Each structure stands twice: as C-alpha cells, then as structure tokens.
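Colleague: Starting off with a structure, shown below.
The values are calculated or read from the model by the stated rules, or taken from the named source; none is laboratory data. Here the structure is a predicted model, which is why all the values come from computation and not from measurement. Cβ coordinates were reconstructed from backbone atoms using ideal geometry, including for glycine residues, and neighbour counts include every protein chain displayed.
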Amino acid sequence: MRFSTNILVIGAGPAGATAARVLSENGLDVILLEKNLSFIKPCGGGLSMSAFDEFGISRNLVQKEVLSIRLVSPTGERVEIDLRSSPLAVVNRGEFDRELRRRAEASGARIVEGEFVDISGRAQYAVEMSDGKERHEISAEHIIACDGINSRMRTAIGIKPARALFTISEKIAGPSPDHCEFWFGASHAPRSYSWIFPAAAGISVGTGSYDQKTIKPFFDCFKERTGIRTEGERRVYRIPVWSGDLYNKNKILFAGDSAGQVLPLTYEGIYYAMKAGDLAARAIIENRVGNYRKMWRSGFQKRFMLMNALRDYFLKDDASAGRLVALHRRPEIQAASLKLWIMKDNSKTSLASYIRLLGKLLR
C-alpha cells in the first residue's frame with residue numbers, strides 16, 4: 001500500500017505529536033507514524049506548570065504537584081527549595097502522550113502505527129515502513145524525525161547516534177511525596193545525579209552513569225545510601241547528551257531526543273521536545289527549513305550552553321557537587337533558578353542576570 005502526504009512525522013511522543021498538531025492546524029496534510037502506540041517511555045514525568053498554559057494542555061493531566069526540591073550533597077548536606085509559588089507537575093507519560101496524539105488527530109493528522117524501515121529520494125522522499133505484517137511506502141515532501149534516542153532515521157541517512165547517559169530506575173509502590181530529591185555523589189552517580197521523584201502512586205528511584213557497565217552497581221549503592229529496601233519494576237534507558245549540532249539534513253528535520261534536545265545537568269526533556277516540534281513545524285509552514293535552527297538557537301542555545309558548562313563544573317567531583325548544593329542555600333540563587341528553569345523565563349535579561357550572579361558568587 002502507498003500513502004502520500006505533505007509531511008511525515010516519525011515518532012509520536014511529545015515532539016512528534018506537537019509538530020503534527022501545529023502542521024495540521026495550519027492546513028497541511030500530515031501522517032504521524034509511531035512504531036508502538038502502547039509504549040510508555042521511562043520518565044520522571046516532570047513538567048513546569050507554565051508549559052500547560054503555553055501549549056494549551058489541560059491541567060487535568062497533572063497527577064501530582066511538586067511543592068519543593070531537595071538537594072543532597074555527597075556528604076549529606078540538604079537544601080530545600082520551595083516551589084509553592086510555581087509548582088512542578090508530574091504526569092503519567094502514557095496518558096500525557098496519548099492526549100498529545102489525540103489533539104494532533106483532532107486537528108487532522110493521520111496516525112499510523114508502524115515502524116520506519118528505510119528512506120530514499122531527495123526532493124520527494126519515499127519512506128518504507130512496516131506494520132508488522134507487510135511493508136508500505138509513504139511519499140512525503142518533508143520529514144520530521146522525532147524517533148528518539150535510538151533514531152533509525154539518523155542511522156538511515158548516515159548520522160552517528162547521539163552520545164548517551166545511561167539511567168536505571170524503579171517504580172516503587174507506596175505514598176507519593178510532594179517533593180523531588182536530587183542526590184549527588186561519585187559513589188552512585190559520577191558526573192550525574194541520583195533521584196527520588198514522586199509518581200502518580202509511589203516513587204521513582206533512579207541514577208545515571210555514562211558507563212553502561214557501572215549503572216547497576218551504582219543503583220544498588222544509591223539504594224543502600226538512602227536505605228530503600230523495597231524492590232520495584234526496574235528499567236534501564238538512555239538519555240541523549242546534548243551537542244547542539246543537529247537540526248536538519250535537507251528537508252529532514254530532527255526534534256526532541258533524536259536531536260539530543262535534552263537540557264544538560266537536569267536532563268529535562270518533555271518541554272524542550274514540545275518546543276522543538278513546534279519550531280520545526282513552523283519552519284516547514286514558512287517553507288524555510290533553515291529557520292528551525294535559527295529559532296531554536298535564538299530561544300535556547302545560551303541556556304543549553306550554560307547548563308552544559310554548569311554540569312561540567314559542578315559535577316566533576318564531590319567537592320564541586322557540594323558547592324552546587326551549598327550555593328542553593330542562598331535565596332537569590334533560588335529565586336534566579338526558579339525564574340529561569342521552572343518558570344521558563346526566556347528573556348535575555350533573566351539569563352544574563354543569572355550568569356552575573358553565579359560569577360559573583362564563584363569568585
């Protein structure tokens with residue numbers, strides 16, 4: 001069977017579903033191709049409340065409000081940051097992604113369950129896909145690849161896979177707290193962090209490592225440090241490490257995890273995936289795919305570069321991680337961090353003032 005469309009979006013997570021909706025709302029014919037519509041990505045499900053208003057998403061999807069963040073240094077020093085003025089939302093990724101797809105479909109996008117196999121062509125692309133029983137061809141003028149960390153589109157057109165952070169986590173049943181915990185220490189999360197996040201029911205416990213061989217021992221070490229004895233469903237997953245060098249190749253655009261658009265240090269991905277999908281779609285609507293790179297870099301490049309530098313500086317060893325936690329005892333650092341990272345203030349003055357404040361305190 002053959003399909004034809006203006007734009008093929010591959011991957012129906014937050015980036016792909018957002019791109020498909022924006023394109024469809026602007027009168028373009030869109031096919032949203034997803035390998036497995038029942039897949040639920042391992043994810044903390046954290047999202048700023050401001051994102052719901054920005055993207056017109058119902059707050060009924062919020063399953064938990066995070067009212068504070070706790071930072072724990074390698075030596076056990078604790079700092080709590082009050083979020084009651086601007087809480088974080090926790091969503092169920094399965095429900096959240098389904099709602100984004102529903103909105104895309106309601107706007108006119110056609111959703112097809114199938115796996116990307118190969119691509120040919122240049123001015124007009126011919127994409128081969130499989131529905132598990134037989135293969136089909138989809139003809140498209142533009143493609144937005146939102147097919148995640150394991151992007152097969154990257155491989156198909158000769159782009160190396162993104163560097164990755166390996167994570168391991170367990171969902172543990174029980175009471176769900178109203179705070180997130182970030183734990184630092186080379187014994188269980190070198191150059192990364194471990195976490196205890198609230199879930200819809202219970203908690204998500206996990207850690208990250210750049211070395212796949214060490215991820216399980218590090219996770220066991222973290223659980224021992226926290227005294228968590230309960231076992232839960234364990235999942236290992238990779239998170240892309242941002243490099244900022246992939247936006248498009250000809251009329252194939254990359255958005256979300258396939259482009260590595262995950263914020264360094266915190267590894268926040270949902271919001272930036274939706275922004276990337278939105279910007280990629282708008283570049284196609286304007287018929288100027290090069291504008292995608294310009295719009296992304298204008299809005300987020302300095303923020304991502306700063307977080308990259310902060311990760312390298314503060315997570316290089318335990319002493320530096322301790323300084324990061326200690327800095328957040330200061331009310332002015334807490335206020336600046338909330339404005340920039342939680343409230344998503346994109347103004348240049350906000351970023352500049354944050355950099356000046358850090359520079360002053362680190363002298």
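Colleague: Please enumerate the residues belonging to the range 336-354 that are surrounded by 14 or more Cβ atoms within 10 Å (Cβ to Cβ) and either closer than 18 Å to residue 78 by Cα or aliphatic (A, V, I, L, M) (or both).
Modeller: 336, 337, 338, 340, 342, 343, 351
Colleague: Given the range 1-84, what strands (runs of 3 or more DSSP E) lie entirely inside it while holding 2 or more residues that are under 28 Å from residue 155 (Cβ atoms)? Walk me through it before giving the result.
Modeller: Details: elements: 2-10, 30-34, 46-48, 62-66, 68-72, 78-82.
Answer list for the range 1-84: 2-10, 30-34.
Colleague: Can I ask one more? Looking only at the range 266-273, decide whether some residue is aliphatic (A, V, I, L, M), under 17 Å from the mean Cα position of the chain (by Cα) and over 15 Å from residue 143 (Cα atoms). Full working, then the answer.
Modeller: We begin by selecting, within the range 266-273, every residue aliphatic (A, V, I, L, M); these are 270, 273.
Restricting the remaining residues to those that are under 17 Å from the mean Cα position of the chain (by Cα) gives 270, 273.
After this cut, where a residue has to be over 15 Å from residue 143 (Cα atoms) as well, the list is 270, 273.
There is at least one residue in the range 266-273 that is aliphatic (A, V, I, L, M), under 17 Å from the mean Cα position of the chain (by Cα) and over 15 Å from residue 143 (Cα atoms).
Colleague: Find all pairs meeting these conditions: Cβ atoms under 8 angstrom apart; at least six residues apart or on different chains; first residue within the range 226-242 and among the polar types (S, T, N, Q); second residue modelled with pLDDT of 95 or more.
Modeller: These pairs meet every condition: 226/183; 226/196; 226/205.
Colleague: Another question about this same structure. Given the criterion touching a Cys at 6+ places or on another chain (Cβ under 7 Å) and either assigned by TED's automatic domain parsing to the domain that holds residue 124 or more than 24 Å from residue 59 (Cα to Cα) (or both), identify the matching residue among 31, 10.
Modeller: Details: 31 fails: touching a Cys at 6+ places or on another chain (Cβ under 7 Å).
Going through 31, 10 in turn, the sole match is 10.
Colleague: Would you call residue 337 polar (S, T, N, Q) and over 30 Å from residue 278 (Cβ atoms)?
Modeller: Values: polar (S, T, N, Q): yes; over 30 Å from residue 278 (Cβ atoms): no.
Taking the combined requirement at face value, the residue does not satisfy it.
Colleague: Any idea which of (1) surrounded by 15 or more Cβ atoms within 10 Å (Cβ to Cβ); (2) in contact with a helix residue (DSSP H, G or I) (Cβ under 7 Å, 6 or more places away or on another chain); (3) of a type outside the set (Asp, Glu) is the one residue 249 doesn't satisfy?
Modeller: (2)
Colleague: Please work out which one of (1) over 23 Å from the mean Cα position of the chain (by Cα); (2) touching a residue at least 12 places away in the same chain (Cβ under 8 Å) is the condition residue 133 fails and give its number.
Modeller: Residue 133 satisfies all of (1) over 23 Å from the mean Cα position of the chain (by Cα); (2) touching a residue at least 12 places away in the same chain (Cβ under 8 Å) except (2).
Colleague: Here's another thing I want to ask about it. Could you check the range 201-233 and list, in sequence order, the residues that are at negative phi, outside any helix (DSSP H, G or I) and loosely packed, with under 14 Cβ neighbours inside 10 Å? Talk me through it step by step, then tell me what you get.
Modeller: First, pick out the residues of the range 201-233 that are at negative phi: 201, 203-226, 228-233.
This time we only want the ones that are outside any helix (DSSP H, G or I), so: 201, 203-211, 228-233.
Hits for the range 201-233 are 211, 229, 230, 231, 233.
Colleague: Pick out the one residue from 111, 138 that is in contact (Cβ under 8 Å) with a residue 60 or more places away in the chain, buried (at least 17 other Cβ atoms within 10 Å of the Cβ) and over 27 Å from the mean Cα position of the chain (by Cα).
Modeller: 138
Colleague: Hey, does the range 96-104 have a residue that's surrounded by fewer than 16 Cβ atoms within 10 Å (Cβ to Cβ), charged (D, E, K, R) and touching a residue at least 60 places away in the same chain (Cβ under 8 Å)?
Modeller: Scanning the range 96-104 turns up no residue that is surrounded by fewer than 16 Cβ atoms within 10 Å (Cβ to Cβ), charged (D, E, K, R) and touching a residue at least 60 places away in the same chain (Cβ under 8 Å).
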